[in-house]
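These notes concern the structure reproduced below.
What follows draws every value from the coordinates through simple rules; no lab data is involved. Treat the numbers as computed from the prediction; the structure is a model and nothing was measured. Note: ideal-geometry Cβ built from the backbone for every residue, glycine included; neighbour counts use all protein chains shown.
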Amino acid sequence: MNAFPLSCDDLTRRHFASRLAKTCLGVSVMNGLASRGLAAPFEAASKLKQAATAKRVIYLYMSGGMSHLDTFGVVPGADTMGSTKTIATSAKGVQLSEYLPHTAKTMHRGAIINSLSSTQGAHAEGNYFQHTSYTMRGATRHPTMGAWLQKFQGKGNADLPGTVVITGDSRHAGGGFFEPAFQPLLLNDPARGLQNSRMPASLSESDFDYRRSLSARLDQSFQQAYNYKGVKAYAEAYKDAIKVMKSEDLAAFDLSKESADMHAAYGEGNFAQGCLLARRLIEHGVRFVEVSLGGWDTHQDNFVRVPEKCGELDQALGALITDLERRGLLDDTLVVLTSEFGRTPKINQNEGRDHYPKAFSSVLWGGGVQGGQVYGKTDKGISVTEDGVSVPDFNATIAYALGLPLDLVLYSPSKRPFTVSDKGKPVSSLFS
């Protein structure tokens with residue numbers, strides 16, 4: 001029997017939602033009997049939701065703080081541009097840096113957000129905030145968007161990871177306080193694929209199954225004696241690893257199956273091959289793939305180093321957008337390009353630009369976004385003057401494209417409440 005009679009329809013619905021979330025999500029949600037004080041922090045959370053226009057995300061992270069004025073946030077003729085020139089794109093009235101000629105051909109499918117700002121001006125803190133919508137606080141680790149997507153909507157392919165992160169950076173926030181099943185698979189070298197994922201040739205299927213069953217019997221008494229989530233998580237991790245090993249979709253990680261022409265189109269290097277692998281993975285049902293490109297911390301020689309980094313970015317990005325469009329995948333795949341902050345409009349004494357969270361740019365392609373537009377304005381890249389977008393707003397926009405509930409509160413193991421993008425408001429006008 002319930003302690004309180006639920007005669008109110010609203011409470012009944014919330015009670016049902018709470019029970020459903022506990023069963024399906026493994027966490028509790030804010031219910032109608034929660035105290036006013038506990039609910040108050042999220043009363044400002046957006047209630048906007050749409051039918052998902054994106055089924056999956058390829059998230060391209062420019063680690064180190066990409067200079068907005070020398071890439072996507074150009075201001076033609078402004079003194080803050082330094083020696084960087086602008087070029088026309090496939091979208092009328094939209095210009096990019098001269099260092100991005102391949103990407104310029106894709107902007108009829110892309111939307112540039114030029115009015116982003118962050119509250120974090122240091123790399124680790126800015127990276128974490130951009131990925132989670134929350135600042136670092138105590139021992140709490142917050143989930144990234146891939147984990148939220150899997151939490152609310154499940155995997156696209158039961159045999160493969162829900163999220164794959166292709167990066168050399170070990171500071172990724174991952175699945176945060178969610179259960180181990182929601183942690184991403186981290187790969188350092190896309191060309192090597194998923195290492196140690198095949199049985200030795202000398203081991204037969206029957207021998208492998210025998211060893212598995214023997215291991216399970218040996219572990220049984222331990223698992224019964226220590227019936228904890230952490231212990232269960234290890235057992236589940238082994239089961240998931242075996243699923244991947246035996247799945248035909250393991251071939252998704254094998255870049256050798258791509259033609260020489262396709263490799264050449266994307267280019268060489270970890271980022272280029274990571275973008276190619278991202279396309280293969282989403283084709284096989286992985287719903288969130290992140291690929292990072294570091295080296296954007298241009299305190300010195302900005303006008304030498306940015307063209308070099310753009311050379312790595314531009315060919316792979318242009319090839320990725322074109323490839324997705326040709327395969328009919330871009331319409332329901334959201335490609336995101338972002339960084340932790342921009343760089344100072346003022347050029348320093350070392351011909352570099354310093355950290356600048358006050359104004360910077362990010363870009364969205366596909367996934368229901370109306371291409372060929374620029375959202376927000378700055379005063380020569382210095383200050384946001386129109387349609388400001390916070391980091392939580394930006395993440396809420398990604399969640400909105402995926403059809404995720406922005407106001408549903410989930411609790412961490414320490415009983416603290418959180419939502420997918422804090423109190424961010426999606427930029428719904430970006431969508432057609």
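Which of the aspartates and glutamates could be linked to LYS415 by a straight reach, that is with a Cα gap under 20 Å, when you skip same-chain ones fewer than 8 residues away?
Answer for LYS415, where 20 Å is the Cα cut-off: GLU43, GLU179, ASP407, listed by chain and number.
Residue by residue through the range 346-358, which ³J(HN,Hα) values in whole Hz follow from phi under the Karplus form 6.51 cos²θ - 1.76 cosθ + 1.60 (θ = phi - 60°), with glycine and proline marked x?
So the J values, rounded to whole Hz, are 7, 7, 7, 5, 9, 6, x, 10, 9, 4, 8, x, 5.
Starting with the fewest neighbours, write out VAL369, VAL389 ranked by other beta-carbon atoms found within 10 Å of each beta-carbon.
Values: VAL369 25, VAL389 22.
Ascending Cβ contact count within 10 Å gives the list VAL389, VAL369.
Here is the link list: LYS155/LYS425; LYS151/LYS377; LYS358/LYS425; LYS105/LYS309; LYS346/LYS377. Which ones come out longer than 23 Å on Cα distance? Don't jump to the answer; show the numbers that get you there.
Details: LYS155/LYS425 26 Å; LYS151/LYS377 35 Å; LYS358/LYS425 19 Å; LYS105/LYS309 18 Å; LYS346/LYS377 18 Å.
Where the Cα-Cα span goes over 23 Å, the pairs concerned are LYS155/LYS425; LYS151/LYS377.
With a ≥ b ≥ c the root eigenvalues of the C-alpha gyration tensor of the range 250-302, is it rounded (a/c under 1.5), prolate (a/b larger than b/c) or oblate?
Details: a/c = 3.76, a/b = 1.74, b/c = 2.16.
Since a/c reaches 1.5 but b/c is at least a/b, the shape of the range 250-302 is classed as oblate.
Are there GluC sites (Glu not before Pro) in the range 264-340 that DSSP marks as loop and that have at most 16 other Cβ atoms within 10 Å, and which are they? Present the calculation step by step, with values, prior to reporting the outcome.
On the way: sites: GLU268, GLU283, GLU290, GLU308, GLU312, GLU325, GLU340; in loops: GLU268, GLU340.
Answer in residue order: GLU268.
Using the alpha-carbon centroid of each, what span in Å lies between the range 276-310 and the range 45-112?
14 Å
Would you please give the residues with an amide H less than 5 Å from that of LEU60, counting only those at least 5 places away or on a separate chain, with H modeled from the backbone geometry?
The list, which skips near neighbours in sequence, is VAL291, VAL336, LEU337, THR338.
Tally Lys/Arg at +1 and Asp/Glu at -1 over every other residue whose Cβ is under 11 Å from the Cβ of VAL289; what's the total? Mind dumping the intermediate values first?
Working: positive: ARG56, ARG279, ARG280, ARG287; negative: GLU283, GLU290.
Net charge around VAL289: +2.
Give a residue-ordered list of calculated ³J(HN,Hα) values for the range 280-290 (Karplus: 6.51 cos²θ - 1.76 cosθ + 1.60, θ = phi - 60°; whole Hz; x for Gly, Pro).
4, 5, 5, 4, 9, x, 6, 9, 9, 10, 10
Can you sort ARG343, ARG192 from fewest to most other Cβ atoms within 10 Å of each residue's own Cβ?
Numbers: ARG343 30, ARG192 11.
Ascending Cβ contact count within 10 Å gives the list ARG192, ARG343.
Where the Cα atoms of the range 289-432 are projected onto their three principal axes, how long is each span, largest first, in whole Å?
Largest to smallest, the principal-axis extents are 48, 41, 33 Å.
Net charge around HIS263, counting only other residues with Cβ within less than 14 Å of its Cβ (Lys, Arg = +1; Asp, Glu = -1)?
Details: positive: LYS257, ARG279, ARG280; negative: ASP254, GLU258, ASP261, GLU268, ASP323.
Neighbour charge sum, excluding HIS263 itself: -2.
In a shell of Cβ-Cβ distance under 15 Å around ARG326, excluding ARG326 itself, what net charge do Lys and Arg (+1) and Asp and Glu (-1) give? Can you show the working numbers first?
On the way: positive: LYS105, ARG109, ARG279, ARG280, ARG327; negative: GLU258, ASP261, GLU283, ASP323, GLU325, ASP331, ASP332.
Residues near ARG326 contribute -2 overall.
What's the exposure ranking of ASP407, ASP254, going from fewest to most Cβ atoms within 10 Å? Write out the running numbers ahead of the final one.
Values: ASP407 16, ASP254 12.
So the residues, fewest neighbours to most, are ASP254, ASP407.
Is the range 280-352 rounded, prolate or oblate when judged by the Cα gyration tensor, a ≥ b ≥ c being the square roots of its eigenvalues, rounded requiring a/c under 1.5 and prolate requiring a/b larger than b/c? Provide the component values of the computation, followed by the final result.
Working: a/c = 3.24, a/b = 2.57, b/c = 1.26.
Prolate.
Select from the range 337-415 those chymotrypsin sites (Phe, Trp or Tyr not before Pro) which occupy a DSSP coil region and have at most 12 other Cβ atoms within 10 Å, ordered by residue number. Let's see the in-between values first.
On the way: sites: PHE341, PHE360, TRP365, TYR375, PHE394, TYR400, TYR411; in loops: PHE341.
For chymotrypsin sites (Phe, Trp or Tyr not before Pro) across the range 337-415 that sit outside H, G, I, E and B with at most 12 neighbouring Cβ atoms in 10 Å, the list is empty.
In terms of the Cα gyration tensor, with a ≥ b ≥ c the square roots of its eigenvalues, is the range 48-110 rounded because a/c is under 1.5, prolate because a/b exceeds b/c, or oblate? Mind dumping the intermediate values first?
Details: a/c = 2.29, a/b = 1.72, b/c = 1.33.
Prolate.
Can you list the residues, at least 5 places off or on another chain, whose amide H is less than 5 Å from the amide H of PHE288, using H built in the peptide plane?
VAL57, VAL164
Karplus couplings for the range 75-81 from phi (6.51 cos²θ - 1.76 cosθ + 1.60, θ = phi - 60°), rounded to Hz, Gly and Pro as x?
10, x, x, 6, 5, 6, 6
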